[in-house]
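J.: I have a structure I would like to understand better, so I am pasting it below and will then ask my questions one at a time.
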There are 2 protein chains.
Amino acid sequence: MALPFHPAGDDPVPAALRGFARAHADLVELHEKPAHLVARHRNPGRRVGLVSGGGSGHEPLHAGFLGRGMLDAVAPGKVFASPHNKQVLEASRRAAGPGGVIHVVKNYTGDRINFGIAAERLRLEGIEVRRVLVDDDLATESDETATGRRGTGATVVVEKLLGAAADTGLGLDELADLGGRFAAASRSLAVASRAQTSPHTGEPSFPLEDGELEFGVGIHGERAQKTVTRPPLEDLVEDMLDRVLAGLPDGPDDLIVTVNGLGGTTLLELYAINDLVGAGLERRGLTAAGGLVGTFVPALDMAGFSLTLTRLEPSWLHWWSAPAVTPAFPRTPEETA
Amino acid sequence: MALPFHPAGDDPVPAALRGFARAHADLVELHEKPAHLVARHRNPGRRVGLVSGGGSGHEPLHAGFLGRGMLDAVAPGKVFASPHNKQVLEASRRAAGPGGVIHVVKNYTGDRINFGIAAERLRLEGIEVRRVLVDDDLATESDETATGRRGTGATVVVEKLLGAAADTGLGLDELADLGGRFAAASRSLAVASRAQTSPHTGEPSFPLEDGELEFGVGIHGERAQKTVTRPPLEDLVEDMLDRVLAGLPDGPDDLIVTVNGLGGTTLLELYAINDLVGAGLERRGLTAAGGLVGTFVPALDMAGFSLTLTRLEPSWLHWWSAPAVTPAFPRTPEETA
């Protein structure tokens, strides 16, 4: 492993988990062997536990969203690798409420398999499980493969809405249905101007020339179908907005806008992008009813950003606004009034 | 200007400010000509307004810390350039309370001059002003220059503590004295493995070979006195911890630990560093009574990190723990219990 500031050994994740647990000891507890993290607090109305997880290298996802109003436990894999099913199993045992447990799974084969094995075991133990699959990445929309769209930036939005819904005391089937609707109402597209540092070589994971743009990149450095000349930012954002809007199913005109940094992109740039997105929506008669701007689902230190739009049903708005007391989710308008 | 995702024109800051104001309309309002941002809410006990500012490119500093419990107004300059004194003047007029206004200034010549001119004008208008100068960077500690240490990562800590102190209704002289003590109790050191992208050329601002480390880098890409071969992370952190501890004035053994990313460094690495710092403090019989891990005072997209330690007087602990309702300051233990 060869990130610039990599601790000794092959795997930086255990040290990072310990450092995370040190930094947020008031909110989370770390269990090792197998590694999983559990929120210390949950809102009393919650009957169904929420568990997520996936490869590391996307921090603050998922552990940064542990806590009241969002996730109850997470299973962190090695960098860009699915967690072992035993991690998911332990996380789920601790998180399960009287109504069972929901797995929020990004759509990657390894994650689907490992969460699936864990779910089978949980059922044998009498714990009911449902899965919410997040599959928002338009770059992988194709009729030709059975894999479907990858799960990317919408994951935070799904976890936020689902957490608030779970706090109202809804049951397992209702939450699984809602979670599926949150995911179905979300689409994303990502671009990169520089690949992430390869944890294996210390070099960029794929080559990009100055002025090139990987249009439709994945959050593990999956290359896009096309590498293009980087257009002016105004044109790029307009094009992405058109594509994401076209990819969204029909629904309400109120949107949650997520401008997500992929790791090496400054807030200065992300906020400028957010201004272009906001102005572009206004020109189309659409409304940003809420949003996130920052580095929430990066691909290590990749330079780039993703745009996620989620069509917000009117009844979901208060779930978006409800506080989420976690290490990384920002304050919501309900808290700041 | 040539950041990868740079809007049209020479200056990315106006678009970024608009995008920031869009994202955080519940917390801040943006005024243009001259550009400054004002917090929408302040705690009712506060009698003295707190104003900060400085060059852009360090986001979330300073505007991310606008709001109840921290700053009342900020003046953002162009990238890595001091704000104009008229920006500081307008920000201060809006922020001033019945007890006057405090300027939190990072120790750079341009900032000192521009905040100084604004202070003179405010005094002519009958508004009392005191300055809190943040000068924590050990890499610039020297008897040979009159400039003194640069202001870097400690700025967030000073702004947090001073905000909470101001909310208790303290007066101008008491707050200026306290602010000076917060700054004096803080020391920092920063390292980089890759320079930030030059906003002028789009290339790294200075060359570093693979495996080299700029030891004592500044947050505008000021080069260090020495470029070294990058040591193993454990040795690097131990060395930095020794130096920062040696640079701190005598005082209590309880510390606030700030592990700050310089822009292009992953949370995975920052949390691993935080674990090494925490373990290193424990071996020395010292306590991390609080801390921050994340990207708070970056140098655009520089790959690197800084370590800041602040000796925490027992009477300051509740100021550290008090909530700060801002776009970017994390939740405090008082909020999460």
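The values are calculated or read from the model by the stated rules, or taken from the named source; none is laboratory data. What you are looking at is a predicted structure, and each value in this text was computed from that prediction instead of being measured. All Cβ positions, glycine included, derive from the backbone under ideal geometry; neighbour counts span all protein chains shown. Surface areas here come from the heavy atoms of the whole protein model, side chains and all, with no ligands, DNA or RNA. Shrake-Rupley method; radii C 1.70, N 1.55, O 1.52, S 1.80 Å.
J.: Keeping all protein chains in place, calculate the accessible area per residue for segment A:237-298 (probe 1.4 angstrom), answer in Å².
T.: Ligands and nucleic acids excluded, the figure is 30 Å² per residue.
J.: With springs only between Cα atoms under 10 Å, which of A:K160, A:K106, A:K33 fluctuates most in a Gaussian network model of chain A?
T.: A:K33
J.: Ordered shortest first, which distances in nm separate the 7 Å Cα→C-beta label point of B:P207 from those of the other copies?
T.: Inter-copy label distances (nm, one decimal, shortest first): 2.0.
J.: Counting only DSSP beta bridges with both residues in chain A, what percent are antiparallel, rounded to the nearest 5?
T.: 55 percent
J.: Then there is this: Work out the FRET efficiency for B:T168 and B:A337 from their Cβ-Cβ distance, taking R0 = 35 Å, and round it to the nearest 0.05.
T.: 0.95
J.: If you take each beta carbon of peptide B:276-285 and count the beta carbons of other chains within 10 angstrom, what is the mean?
T.: 2
J.: Let me ask something else. What nm value, rounded to one decimal, do you get for the distance between A:V228 and B:I117 when each label is placed 7 Å out toward the C-beta?
T.: Taking the two extended label points, one gets 4.4 nm.
J.: Taking amide H positions as placed 1.01 Å from N in the peptide plane, with prolines and chain starts having none, which residues 5 or more places from A:G304, or on another chain, fall under 5 Å of its amide H?
T.: Here the answer is A:S193, A:L262, A:G263, A:G264, A:T265, since their amide H atoms fall under 5 Å of that of A:G304.
J.: Tell me, what ³J(HN,Hα) does each residue in segment A:193-199 have, in order and in whole Hz, if you take phi through Karplus 6.51 cos²θ - 1.76 cosθ + 1.60 with θ = phi - 60° and put x for Gly and Pro?
T.: After applying 6.51 cos²θ - 1.76 cosθ + 1.60, I find 9, 8, 5, 5, 5, 5, x Hz.
J.: Inter-copy label distances at A:P44, 7 Å along the Cα→beta-carbon direction, one decimal in nm, shortest first?
T.: With the label placed 7 Å along Cα→Cβ, A:P44 yields 2.8 nm.
J.: Ok, one more. Under a no-solvent Debye model with one identical scatterer per Cα of segment A:14-134, what's log10 I(q)/I(0) at q = 0.15, 0.21 Å⁻¹?
T.: Here log10 of I(q) over I(0) equals -0.57, -1.15.
J.: Calculate what fraction, in whole %, of the accessible area of chain B sits on carbon and sulfur atoms when a 1.4 Å probe is rolled over the protein chains.
T.: Percent of accessible area from carbon and sulfur atoms in chain B: 49.
J.: For chain A, set up a Gaussian network in which alpha carbons nearer than 10 Å are linked by springs, and say which option among A:L312, A:L286, A:L161 fluctuates the most.
T.: With Cα springs under 10 Å in chain A, the top fluctuation among A:L312, A:L286, A:L161 is at A:L286.
J.: While we're here: Would chain B count as rounded, prolate or oblate if I go by the C-alpha gyration tensor, calling it rounded below 1.5 in a/c and otherwise prolate when a/b exceeds b/c, oblate otherwise? Spell out each step's value before the answer.
T.: Values: a/c = 1.61, a/b = 1.19, b/c = 1.35.
Note, shape of chain B comes out oblate.
J.: Sticking with this structure for a sec: On each of the three principal axes of the Cα atoms of segment A:186-321, give max minus min coordinate, whole Å, ordered largest first.
T.: On the principal axes, segment A:186-321 reaches 48, 28, 27 Å in Cα extent.
J.: Could you state how much accessible area is buried at the B-A interface, both sides summed, with a 1.4 Å probe, in Å² to the nearest 100?
T.: 5000 Å²
J.: Right, another one. Rounded to the nearest 0.05, what FRET efficiency do A:E125 and A:K33 have when you use their Cβ-Cβ distance and R0 = 22 Å?
T.: Computed FRET efficiency for A:E125 and A:K33 comes out at 0.70.
J.: In chain A, which residue puts its Cβ closest to the axis that turns chain A onto chain B, and how many whole Å away is it?
T.: Nearest residue, distance rounded to whole Å: A:G264, 2.
J.: Follow-up question, since we're still on this one. Taking amide H atoms as placed 1.01 Å from N in the peptide plane, list the residues 5 or more away in sequence, or in a different chain, whose amide H sits under 5 Å from that of B:V217.
T.: B:A190, B:V191, B:A192
J.: Just for segment B:14-134, what percent of DSSP beta bridges are antiparallel, to the closest 5?
T.: 30 percent
J.: Here's another thing I want to ask about it. Run through the DSSP bridge list for the protein assembly as shown and note the antiparallel percent, rounded to the nearest 5.
T.: 55 percent
J.: Now for a different question. Figure the gain on full extension for B:E141 and B:E282 (residue separation times 0.36 nm, minus the Cα-Cα span) and round it to one decimal in nm.
T.: Numbers: separation 141, 0.36 × 141 = 50.76 nm, distance 2.69 nm.
Gain on stretching B:E141 to B:E282: 48.1 nm.
J.: While we're looking at this one, here's another question. Over segment A:14-134, with the other protein chains present, what is the accessible area per residue in square angstrom, probe 1.4 angstrom?
T.: Accessible area per residue, segment A:14-134: 35 Å².
J.: Taking a label point 7 Å from Cα toward Cβ, how far is A:H318 from its twins in the other copies, in nm, shortest first?
T.: 3.5
J.: Using Cα pairs under 8 angstrom and six or more residues apart, how large is the relative contact order of chain B, in percent?
T.: Numbers: 783 pairs, mean separation 60.6, N = 337.
Result for chain B is 18 percent.
J.: Which pairs, out of B:K86/B:K106; A:K226/B:K78; A:K78/B:K226, put more than 23 Å between their alpha-carbon atoms?
T.: A:K226/B:K78; A:K78/B:K226
J.: With labels modelled as points extended 7 Å from the Cα through the Cβ direction, what inter-label distance (nm, one decimal) is found for B:A25 paired with A:E209?
T.: Result: 4.2 nm between the two label points.
J.: Just from the alpha-carbon atoms, what are the Rg and Dmax of the protein assembly as shown in angstroms?
T.: 23.6, 78
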